[in-house]
Structure formats: structure tokens, C-alpha cells
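The values are calculated or read from the model by the stated rules, or taken from the named source; none is laboratory data. On a predicted model such as this, the values are computed, not experimentally measured, just so you know. No Cβ is skipped: glycine too gets one built from the backbone with ideal geometry, and neighbour counts run over all protein chains shown. Protein only, heavy atoms only, side chains kept; ligands, DNA and RNA dropped before computing areas. Shrake-Rupley method; radii C 1.70, N 1.55, O 1.52, S 1.80 Å.
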Amino acid sequence: MSQNLLIVESPTKVKTIKKYLGKDYDVMTSYGHVRDLESKSGSVDPDHNFKMMWTLTSRGAKQVKAIVDACKKADTLYLATDPDREGEAISWHIKEILKSKKIKCDIKRITFFEITEKAVKEALEHPRDINQDLVNAYLARRSLDYLFGFTLSPVLWRKLPGAKSAGRVQSVALRLITEREDEIKVFIPQEYWSAYVLFQKFDAKLTVYDKKKVEKLFIKDKAQAEGIKKTLEACDFLVNTLEKKSVKRQPPPPFMTATLQQAASRQIGFSSKKTMTVAQTLYEGLKIGTETQGLITYMRTDSLSLSNEALNAIRGYIAQKYDAQYLPKSPRVYKKKVRNAQEAHEAIRPIDVNLTPEKVQKDLTPDQYKLYKLIWERAVASQLSEALFDRVTAKIESTDQKHELGATGTTCTFKGFLILHRDDEEDEREEEKKLPLLKEGQALDKKGVEINQHFTQPPPRYNEASLVKKLVELGIGRPSTYVSLIETLKTRQYVRLDNKQFIPENRGKIVTYFLEKFFHKYVEYDFTALLEEKLDEISSGKNAYIDVLEDFWKPFSEQVKGTMSLTVTEVIDYLEEKIQDEKKPCPLCKKGTLNLKLSKYGAFLGCSLYPDCKYAAPLEGEDAGDLQEKPEDNSLGVDPETQSEVYLKKGPYGYYVQVGAKRTAMPKNIEPQDLTLKQALMLNKLPLKIGEYEDKDVQVGIGRFGPYVKHGSVFASIPKGLSLFGINLDEAIGLLQQKQAKVSAKKK
């Protein structure tokens, strides 16, 4: 055993870092968090200074034993977990466990933001103590989330059967999605028309009619539009004024976590989860040629700054690659303008700018290449010159001076950063629309008049990119939380994705309406953002975490007590007002009316004359079926690849999924009523590749002994604490390594 032991979070980092440090260091992994709050009521005790009850995770228990045994033989332990609050917390947990076991090795904390030999060795030269302020911020956040969820979720179970959980940030995000859907529902489209006069080589839009400014809804219907067209057709026009000016467009800053998720969604179609999973592999290290190395800096950040070393390298690359005018005289510096920013370290950038996407493409998967290219181009573009445009605006007037038209032409005179990077969101702005050479006072040859009908559009539904953008603007949540937040909303079946847009399910709407009515303060956007600010103050040592918890808990617990006295009838009466605009007659008995009812599977519409009339129907937008009982032979939808019906069925040995002729047993830890179409399709594709390790596929599947992971000829069971649907590559590798260690021990 080496005298120096270094602990990282992920097993994929071990091999790379071990190579950098050699025989004097042993490198081990914690596989993320080694312990967590006990999953039961009372794990955070407000009556005893918010004491927290920790328990080792099923995976953590085995790994802690290995770490403890290794520390007994080491002189110095370096805790090198990730450079953020979660990483600081993991190091703190390990230190606390070693302290409780009276392990006496010297414990030091180190951090690095890129996995390179230089960065790792520099970190070892500058060790520090664990930052207790960051740990306290983690403890406060973990306590708040626990108290909110474990206190409020039972209220939902009792008052809203079918509801599954509430979350401090999750419920606010759900409110955003639900409110947007409500806006769309009540939106009434308004008709309006636009008018253009067509000249040789260009068109001009009507801006003033009969000396009245033409606003968006000025032309209300076809009759008015036809009248305006007839008037304009009888007019002659000349150029009144020409305004010429140069316009600059500055390059966008390098990516932080939230903007990376947004751009990856918009430009390469990645979900937030996929973006962060692929980014993790680029950060932790890949085999490039004959060397294993990290390609990008740490991907969980809300900083826009770049180190002087990185700036010099990027500017050097630009000077070598492009003409001199593409390099600004001085480096560009970007500042964060979003609420609750924490500029703890760098933006996301390539570690070596000379490793261009083209150079490493052969060593990357297609997804890795797409994301690396996006990150590389954005970082380099951030230091390129601005793009320059000439813009000409022509004001055209009728000879009787009653009507005015406007036309604008734009010409790009210098591409600047656009030579390398374009954002799809901005492409339309950069499309060139040239005007012919015009002179003031010039008479124009009119070709005709065109009128077009339009309707006002409702606000768009949120997609992953726009939801993350809105949460960032509001100062709600953190870069590391957005992926899990979105996944929770989907797995709880509070929302669904349709054409990549979030649509709230009625279950999600009802939870939102309930929380808005009875816990309004706690789903307010400003309240949630203010809590984030207080957590940031804890991390910077400006606030005591116990004080923050006290301020939250006292009024919150009183609100919960008051709500528990509500009757289900009171809750239903309020929700019915929100869900149904008017009472509808029962289509079966024709005598009763359809009322909102709740069952253990959620809300549905039932006849007011029940039990004499047993009519039941789904709420608008829900799947058809008897919502009072889950059918044992139920269609979950259609497989988009094969167009085969996907069924949940029950046989003599339990539930299974059937797609076409293929049957797959359901894992025992999944309730039939919770199974989604997405999960059913994943089950049907098992065994499924989730990544590669040591040049072999890592797969998940289900066998006669339950869910498993497989690597070559090695199989390892997936324990109850891990989900077949959510297990990641690191977790799978950890299980396989534990299994291999057991096999090796038995052979000895």
C-alpha cells in the first residue's frame, strides 16, 4: 500500500490520475456519496437543532470499508472529490466516518477543475482543509429539501390520493409549466393583417396609414385589409429618407452549465440529462490516441470567466488560425448577470484548444464529438472579434403624404466570430436582406400590394432549454439540480414531453393548484429564489445555516398543521373550480352531473349520482380507461419505431411488458400503475448498452435473479437502492468491480 491515498468520486478518473501520480499514490473512488439521510420520517430533527440522521448507502457501505482499510495503511489521505458543494460534502462525509472510526492518517482536501497531470500535481502542492461553509450550505439545502418533501408529501397523499410527492424546487418548476398551460388554455387568438407594397427587388411594409401609426392589430379583418390594399394600389411612392448605420454584434460568452444545456437542446437535440452525462465523460477523461486525458474543464459551473492561461492559449490559436482583424486587442471578459450567480471557478472550456474537434473526432463517439465541438467552438468564438453589419433603413412615403412604408436591408461587412460559431436562436437575425441602391426623393416603380392574414399566438410551452433558462432567470435551483428536477417531474408523471415540449398531466395540475391555494408562499418564485440567496450566504460565511432552517421551519410546520385539518371535500370543491369551467351532464344516466373525484390512482370525473350511476371518465387529456381501477391488461401506447402496441399484462408469474411478440418481465420494485411508456420500451430493448469500460460494452438487463449489469463475462446484480432505469455508467462499473473483487477473494 502506498503512503499516499487519493479519493475521487468516479471510477473512470482512477486510471487516468493513477497514471499521473505513479507508485507513490494509491487512487480509489467513493462512487459518489457514501451516505445519505435515512429515508424515513425524523431523519432531520427540528427539535434538536436540526440533527441529521445519516446512513451508509448500500454501495457506500462496501466502499467505506475499503477506504477505511486503505487509510489504516496510509500516512496521508487526499480527498479529491469534485470542486463544488456536493464534492465538498462527500469529502466531509468521508472525513466524519474516518473520525468516528478513529483513523489517524493526515487528511487533506484538494480540488482541480480539469483532469490533467499539471492540474492534479498543482492541487497536491496546495492542499487545504475542508471548507465548512460549503458543507454547511450543503447541510442546509439537504435539510430544507428533506423537510419540505417529507413533511408536505404526506399531506398530498392524504388530501390528494394519486399525488406522489412535492419538492422545494420541483414544485416551483411544475408551477411554471402548469401556469403556461393555463395561459394557453384561456388564450383567444385575434385576427390581424399586414400589408406590403411590392417594388422592384424589394418589399416595404405599411407603417402609417392615413396618418395613423399601423400597430400589430391595426388591420383587424379581411374587409379592412382589402380596403387598404385598394387605397395603396392607387398611390405612387417615393423614398423620403435613408438612414445608414453600422451595427456590431458581440460574441456570446463561453458556456456555463445552464447555457450549455440550453444550447445542446436547441442545436444538437440533447436532453439536459444526456448533455450532462456526455459532458461528464469529456471531463473525466478519454483515450485520445495513446493517451487518456480530460477534454473539458469541470462542467458544473455558473461562472463565465476564463483563466489567464486559457485566454492566452485561445488568443494564440486565433492569431495562428485567422487573419489579424479576427483577434481583439485585449481579451474579452464576461460577467454574470443572472440572479444568485456563484462565480467560483471557470466557464466550461476545452482543456487544450489545440485539440480541435476534427483532431479528436476519431476517438469520440458521435454524441461526444457533437458536444465537444459545441463547447470548443463557443469558447474560441468568445474571444474572436465582433461581427459587423451595415444596416440601411428606408422610409418610403406616398406622394399625398398620407401613408408610409418601411424597409430595412442588412449586409454583413465582417463575419468576426460568426466565421466559427452560430447559435440557431440568432441565425434568423443574421440572414442578409439587401436593399437595392436607393436615393432620397427617388420615385419607385410599384409592382403591386400584398395583404396577409395572421393570428396572434399563445405563449409557447416550455421545453427543456426554455425551462432551464427561466429557472436561471428567476434564480431558482442550481446547475447540478436541473437534470434531476426534470427527470423527477417526468417519472412522477406530473408532466409529459410532446414534441419536446412540457405538457402538465392533470395529476401535475392538481398538485400545483393545491399547493398554490394552501401553500402559496412556498411555491412563490421570489420566496424560492430568496432561499437560494440565503444558501449562498451560508456558503460564503455570511449566514448561519441553523438560522436559515429555523426561519423556514417554524412558519412552514404551522402551515402544514393547519392544512391537515382540511377535509377532502373542501379540497375537491376548490380543485373542481380550477379544473372544470362548468358542470357537464352525465352522458350515461342523463340525470347527474360530472364531478371531480379522487381515487388512489388520481383524479377522474364521476357521476354525482354514484353509486346508482357508476359512470367514470378521465379528465380531459388523460388516457381513456377506468381510472378507479388499474386494468390488468392495459395499453401504454405505441412504440414509435415499430408502431406496435405496448401492453402491460399480468400473467401467472406477475406483470410483464409485451411489444409485438416479445415479452419482458417487470422488475419487482416497480409498481404497475407507475410504469410509463418510456420505461416499458426500455424494458423491451433489454439487454441495453449504457456505455463502455476497458474497451468492452457495459449492459443492463433482467434475468431470472432480477436486474443486472454485465461487462464481458462478468454479471453483477443491481441492488434495491439503484434503479434499472436510472443506473449510470459509474454506478454500473462500481457494481462490476465489487463483484470481481468478491470472485478474486474467493479464488484466494
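Averaged over its residues, the stretch 361-485 has an accessible area of 48 Å² per residue, based on protein heavy atoms and a 1.4 Å probe.
Among residues other than residue 20 with Cβ under 14 Å from its Cβ, the summed charge is -1 (Lys and Arg +1, Asp and Glu -1).
Listed cross-link partners 15/118; 99/739; 500/650; 18/108 are compared with a 24 Å cut-off, the Cα-Cα value being larger for 99/739; 500/650. Summarised as an ellipsoid, the stretch 121-280 has semi-axes of 55, 30, 14 Å, derived from the eigenvalues of the Cα gyration tensor scaled by 5 and square-rooted, with the largest first. A Cα-only calculation for the chain places Rg and Dmax at 30.6, 102 Å. Placing +1 on each Lys and Arg Cβ and -1 on each Asp and Glu Cβ, with no other charges, gives the chain a dipole about its Cα centre of roughly 1960 debye.
Estimated purely from DSSP H runs of n ≥ 4, each contributing -39500 (n - 2.57), the mean residue ellipticity at 222 nm for the chain is -12000 deg cm²/dmol once divided by its residues.
Evaluate the charge dipole of the stretch 1-157 about its Cα centre and quote only its size in Debye, nearest 20, assuming +1 on the Cβ of each Lys and Arg and -1 on the Cβ of each Asp and Glu. Kindly include the intermediate steps, with their values, before the conclusion.
Working: 26 positive and 22 negative charges, 133 e Å.
I would put it at about 640 debye.
The figure for residue 656 is an accessible area of roughly 40 square angstrom, using a 1.4 Å probe on the protein chains alone.
Charge tally for residue 194 (other residues, Cβ to Cβ under 10 Å; Lys, Arg +1; Asp, Glu -1): +1.
Each Cα pair of the stretch 194-325 feeds into the Kirkwood radius, which the Stokes-Einstein equation turns, at 20 °C and 1.002 mPa s, into a diffusion coefficient of 101 µm²/s.
Solvent exposure of the stretch 215-282, expressed per residue, is 47 Å² of accessible area, with all protein chains present and a 1.4 angstrom probe. In the stretch 461-556, taking the dipole from charged Cβ atoms about the Cα centre, the farthest positive-side position among 522, 494, 472 is held by 494.
Whenever you get a sec, compute what percent of the accessible area on the stretch 178-314 sits on carbon and sulfur atoms (1.4 Å probe).
Working: 3320 of 6610 Å².
About 50 percent, which is the carbon plus sulfur part of the accessible surface.
In the stretch 217-349, taking the dipole from charged Cβ atoms about the Cα centre, the farthest positive-side position among 218, 276, 333 is held by 218. The share of accessible area on the stretch 434-528 that comes from carbon and sulfur is 47 percent, using a 1.4 angstrom probe. Note on the stretch 130-169: the C-alpha convex hull projects to 2.9 nm² when averaged across all orientations. When a 1.4 Å probe is rolled over the protein heavy atoms, the share of accessible surface on the stretch 692-748 that falls to carbon and sulfur comes to 50 percent. Calculate I(q)/I(0) for the stretch 490-562 by the Debye formula, one identical point scatterer on each C-alpha and no solvent, and give its log10 at q = 0.25 Å⁻¹ to two decimals. So the normalised log intensities are -1.07.
Could you give the length gained by full extension between residue 320 and residue 576, i.e. 0.36 nm per residue of separation minus their alpha carbon distance, to one decimal place? Each step should come with its number before you reach the end.
Working: separation 256, 0.36 × 256 = 92.16 nm, distance 6.72 nm.
Taking residue 320 through residue 576 to full extension adds about 85.4 nm, to one decimal.
Each of residue 564 and residue 741 was given a label point 7 Å from its Cα along the Cα-to-Cβ line. The distance between the two points is 4.3 nm. Ranking 312, 735, 242 by how far each Cα lies toward the positive end of the dipole of the chain (charges on Cβ) leaves 735 at the top. The charge dipole of the stretch 496-575, taken about the Cα centre with unit charges on the Cβ atoms of Lys, Arg (+1) and Asp, Glu (-1), comes to about 340 debye, rounded to the nearest 20.
In the structure shown, the pairs 230/395; 73/273; 490/578; 201/335 are assessed against 32 Å; a Cα-Cα span above that value is assigned to 73/273; 201/335. The mean sequence distance of close C-alpha pairs (under 8 Å, at least 6 residues apart), as a share of the length of the chain, puts its relative contact order at 13 percent. With the whole protein complex present, residue 454 retains an accessible surface near 60 Å², based on a 1.4 Å probe.
Over the stretch 676-748, accessible surface divided per residue gives 58 Å², non-protein components excluded, 1.4 Å probe. For the stretch 48-173, the Cα gyration tensor yields ellipsoid semi-axes of 35, 18, 13 Å (square root of five times each eigenvalue, largest first, whole Å).
Can you tell me the FRET efficiency between residue 220 and residue 457 if r is taken as the Cβ-Cβ distance and R0 is 22 Å, rounded to the nearest 0.05?
Working: r = 17 Å, r/R0 = 0.76.
Efficiency computed from Cβ-Cβ geometry: 0.85.
Kirkwood analysis of the Cα pair distances in the stretch 1-51 returns a hydrodynamic radius of 13.5 Å. Per residue, the Cα convex hull of the stretch 443-581 amounts to 222 Å³.
A simple spin-label model places pseudo-atoms 7 Å from Cα toward Cβ; at residue 99 and residue 236 they are separated by 9.1 nm. Computed with a 1.4 Å probe on the full set of protein chains, the accessible area for residue 488 sits at about 40 Å². Modelled label positions at residue 243 and residue 445, each set 7 Å beyond Cα in the direction of Cβ, lie 2.9 nm from each other. Between the beta carbons of residue 179 and residue 526, assuming R0 = 25 Å, the FRET efficiency works out to 0.95 to the nearest 0.05. The H on the amide N of residue 285, modeled in the peptide plane, is under 5 Å from the matching H of 295, each at least 5 residues off or on a different chain.
Near residue 691, the amide H atoms lying under 5 Å from its own belong to 698; only residues 5 or more places off or on other chains count, and H is placed 1.01 Å from N.
The antiparallel fraction among DSSP beta bridges confined to the chain stands at about 90%.
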